[in-house]
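Report on the structure given below.
What follows draws every value from the coordinates through simple rules; no lab data is involved. Computed from a predicted structure; not experimentally measured. No Cβ is skipped: glycine too gets one built from the backbone with ideal geometry, and neighbour counts run over all protein chains shown.
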Amino acid sequence: MALVGASVLAGVGLVVVPGASAAPQPEAGTVLRTTDITDRPDSKVAGAGRVIAMTYLSENPDGDLIPVRGTVLIPSKAPRPGGWRLMGYAHGTAGLGDQCTVTDRMGHEGRYDDWLGPWLKDGYVITATEYAGIGGPGVHAYLDGEVAGKNVLDSVRAARTVVAQQGGTASPAYITSGASQGGHASLWSASLADDYAPELRNVGGVVNSPPVNIADYFQLLRPGVPPVAVPDYVTYFSYVMAGLKVARPELDVDSYLTPLGRKVVEDAKTFCYPNQGRATRGMNVGQLIARPFDQGPLIPALREATGVPTSGFGAPMLVQQGTLDPVSFAPLTTQFVNEMRTDGADVDFREAQAGHGLGAWAETEALQWSNAQQWPGR
């Protein structure tokens, strides 16, 4: 694992003195800088007493430590004995570009008040990470789960430092939570937790509408198929392809795309979700494909880059899924959960007649489920 950039070393105040031993290299989860943004417009979620923007070190697809952004929301409520509980939050798809950050604007129009507010009011510190490449060096490798999972875990490490800097104490026990892309990241962080962050204690993982086994239906794509113009599908497709180009640069992704497809995927590197949806209105995925995806190395590479382990979960998992989900298909989630259970995972699987966005009620259920787990001192 390498550390990238002299500016990062300067950011943590490391100095190499001639003739002396080199200072120890900073580790994943090291906090580089913090800014109190409590009083900024759009920063505060209901129940938060203080909101701290942070930059910390975590991995990119090359295994290098780079600066990654995130936000720590500290509750107004006093901590439990032993410190505040921690929830590592992984946000859903917003885009790949540097301007597509989410965590520094979570208070906008109260959009997270019903979702994350109850966690804060119950005494959880929420550490919400961006993903490597969003608002920092490089390009975000969309759905590279191992990278996103490590980003979530390193944000938990960093959040404990931030809370201590603010005069508080956060427990080493934590839970992860996320929906859509964030559900994918939460699965990965839970599977990596015991080996990657053994000094912490993973109490459980919450997963909503996860994109699992996506290579199973991407392998059906070919020129002209599908022919239906759905902007969300084109946007999702473009992000997956752009992310694959970052995660597997040796793969000639462009050879599978038409000239229009190459442009759309290039735009995906900078256009946030709403803008990419507007830019692709009237297009269909079939227009973007030059040759069948099941030919050559693309699908194996996609499966490797975006797949999720079905084993290694050392804590219970709650998986919530809408049966009418048009993006993360319910049968694929059911198949994945069955594979997890076969491999020994403790999974509480709950389905509801809903689409991709499950609604705030899912977070209420998740909080109740979290509080029923085996937290220290409970």
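Summary table
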quantity: Three-way shape call for region 250-310 based on the alpha-carbon gyration tensor, with the a/c threshold at 1.5; calculated: oblate
quantity: Region 330-378 shape via C-alpha gyration tensor axes, a/c threshold 1.5; calculated: oblate
quantity: Kirkwood hydrodynamic radius of the chain, from inverse mean 1/r over distinct Cα pairs, in Å; calculated: 21.1
quantity: Along the chain, longest interval not containing exposed GluC sites (Glu not before Pro), exposed being DSSP loop plus at most 15 other Cβ atoms within 10 Å; calculated: 28-198
quantity: Modelled FRET efficiency - R0 25 Å, Asn338 with Ser76, Cβ distances, 0.05 increments; calculated: 0.05
quantity: The chain: antiparallel DSSP beta bridges as a percent of all, rounded to 5; calculated: 45
quantity: Mean projected area (nm²) of the alpha-carbon convex hull when region 155-223 is viewed from all directions; calculated: 6.2
quantity: Amide hydrogen neighbours beyond the local backbone of Ala173, cut-off 5 Å, H modeled; calculated: Arg201
quantity: Rounded to whole Hz, the Karplus (6.51, -1.76, 1.60) HN-Hα couplings of region 63-78, x for glycine and proline; calculated: x, 8, 7, 10, x, 10, 8, x, 9, 10, 9, 9, x, 6, 5, 5
quantity: Cα gyration tensor, region 131-195 - rounded (a/c under 1.5), prolate or oblate; calculated: oblate
quantity: Dipole of region 215-305, positive direction: furthest Cα of Gly282, Pro259, Pro227, with charges on the beta-carbon; calculated: Gly282
quantity: Axial C-alpha extent at least 20 Å, average Kyte-Doolittle at least 0.0 - helices from the chain (DSSP); calculated: 145-165, 231-247
quantity: Residue among Thr334, Asn151, Tyr217 farthest towards the positive dipole end of the chain, charges placed on Cβ; calculated: Asn151
quantity: If the convex hull is drawn through the Cα atoms of region 96-205, its volume per residue in Å³; calculated: 114
quantity: Positive dipole terminus of the chain, leading residue within Gly204, Gly88, Thr38 (C-beta point charges); calculated: Thr38
quantity: Unit charges on C-beta of K, R, D, E only; dipole of the chain, Debye; calculated: 660
quantity: Pairwise centroid distance, computed over Cα atoms, of region 174-197 with region 74-130, Å; calculated: 15
